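**Q** Quick one: the structure is below, questions incoming.
We did not get these values from a lab; they are worked out from the coordinates using the rules stated. Given the structure is predicted, the values throughout are model-derived calculations rather than measurements. Ideal geometry is used to build each Cβ from the backbone, glycine not excepted, and the neighbour counts take in all protein chains shown.
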Amino acid sequence: RKEVEQDPGPFNVPEGATVAFNCTYSNSASQSFFWYRQDCRKEPKLLMSVYSSGNEDGRFTAQLNRASQYISLLIRDSKLSDSATYLCAVTLNTDKLIFGTGTRLQVFP
Amino acid sequence: DAGITQSPRHKVTETGTPVTLRCHQTENHRYMYWYRQDPGHGLRLIHYSYGVKDTDKGEVSDGYSVSRSKTEDFLLTLESATSSQTSVYFCAIRISDSLYNSPLHFGNGTRLTVT
């Protein structure tokens with residue numbers, strides 16, 4: 001089993017839709033969780049950290065479910081500019097960050 | 001902008017030749033990382049450093065070595081490049097020395113093609 005797993009997609013959604021991605025992790029001792037956004041042929045950029053109580057940043061909401069060992073990212077009111085690949089990342093042994101393979105989102109008009 | 005510069009940005013080399021990629025940071029952060037990214041595999045950790053001359057292996061370290069002789073530079077060397085090392089290589093830094101809830105910030109990447 002991979003340490004961090006994501007559905008590769010693609011998720012094709014119309015503008016204005018709400019879309020959610022999940023990311024499962026295998027190490028129950030993982031302590032830090034993040035979502036990154038990566039545009040084609042660019043570097044990953046931090047979208048948001050994921051806190052135990054859940055957190056929101058504008059149209060984006062991140063949640064952590066420790067019991068089931070997954071994190072989620074919800075995007076409301078999708079924009080064309082949200083089209084990208086979304087990577088989840090989980091710490092392993094504190095100083096290493098392990099990434100999922102990414103979920104591709106395509107928002108269409 | 002986390003002040004990370006990777007060089008070169010693109011390189012084409014032949015099988016069997018040595019290649020060194022450079023990651024330079026301007027802000028004296030302690031932790032630096034090298035990842036490679038390939039279709040279907042995502043980002044995989046090659047090596048990382050937690051200080052000058054302090055390095056450790058990641059999940060795909062075979063065929064790679066690293067050096068960090070000063071805080072600002074972290075070098076990745078392919079001693080004898082193989083076609084399987086064709087990839088996009090990203091350097092990353094951890095801005096905070098705290099290991100809890102401290103994300104990485106990435107450089108622009110180096111596209112390496114081994115023919």
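**Q** Return the whole-Å distance between the Cα centroid of region A:47-109 and the Cα centroid of region B:46-104.
**A** 24 Å
**Q** Work out from phi, with θ = phi - 60° and the Karplus expression 6.51 cos²θ - 1.76 cosθ + 1.60, the ³J(HN,Hα) of each residue of region B:42-49, listed in order in whole Hz, and give x for Gly and Pro.
**A** After applying 6.51 cos²θ - 1.76 cosθ + 1.60, I find x, 8, 10, 6, 9, 8, 9, 10 Hz.
**Q** If the cut-off is a Cα-Cα distance under 14 Å, which aspartates and glutamates reach B:LYS70, setting aside same-chain residues fewer than 8 apart in sequence?
**A** Cross-link targets: B:GLU27, B:ASP54.
**Q** Here is a further query. How far apart, in nm, are the 7 Å Cα→Cβ label points at A:ARG76 and A:ARG59?
**A** Result: 1.2 nm between the two label points.
**Q** Can I ask one more? For each of B:THR5, A:THR101, count neighbouring Cβ atoms within 10 Å of the residue's Cβ, then give the residues from fewest to most.
**A** In increasing order of surrounding Cβ atoms, one gets B:THR5, A:THR101.
**Q** Please list the non-local residues whose amide H lies under 5 Å from the amide H of B:THR86, H modeled 1.01 Å from N, same-chain partners needing a gap of 5 or more.
**A** Under 5 Å from the amide H of B:THR86 lie the amide H atoms of B:VAL114, each far enough along the sequence or on another chain.
**Q** What dipole magnitude, in Debye to the nearest 20, does chain B give about its Cα centre under +1 on Lys/Arg Cβ and -1 on Asp/Glu Cβ?
**A** My answer is approximately 120 debye.
**Q** May I pose another question? Which of the cysteines found in the protein assembly as shown have nothing to pair with, since no other Cys Cβ lies under 4.7 Å from theirs?
**A** Unpaired cysteines in the protein assembly as shown: A:CYS40.
**Q** Checking the cross-link filter: which lysines have an alpha carbon closer than 21 Å to that of B:LYS11, excluding same-chain neighbours under 8 positions apart?
**A** B:LYS11 reaches A:LYS42.
**Q** At 0.36 nm per residue, and after removing the present C-alpha to C-alpha distance, how many nm does the segment from B:HIS10 to B:SER83 gain when stretched out fully?
**A** 24.7 nm
**Q** Here's a follow-up. Quick one: if you stick a label point 7 Å off each Cα along the C-beta vector at B:VAL52 and B:ARG30, how many nm between them?
**A** Modelled inter-label distance: 1.5 nm.
**Q** Using each residue's phi in region B:109-115, evaluate 6.51 cos²θ - 1.76 cosθ + 1.60 at θ = phi - 60° and report the 3J(HN,Hα) Karplus result to the nearest Hz, with x for Gly and Pro.
**A** Once rounded to whole Hz, the list reads x, 10, 8, 10, 10, 10, 9.
**Q** Any lysines with Cα under 20 Å of the A:LYS96 Cα? List them, leaving off those in the same chain fewer than 8 positions away.
**A** A:LYS2, A:LYS45, B:LYS53, B:LYS57
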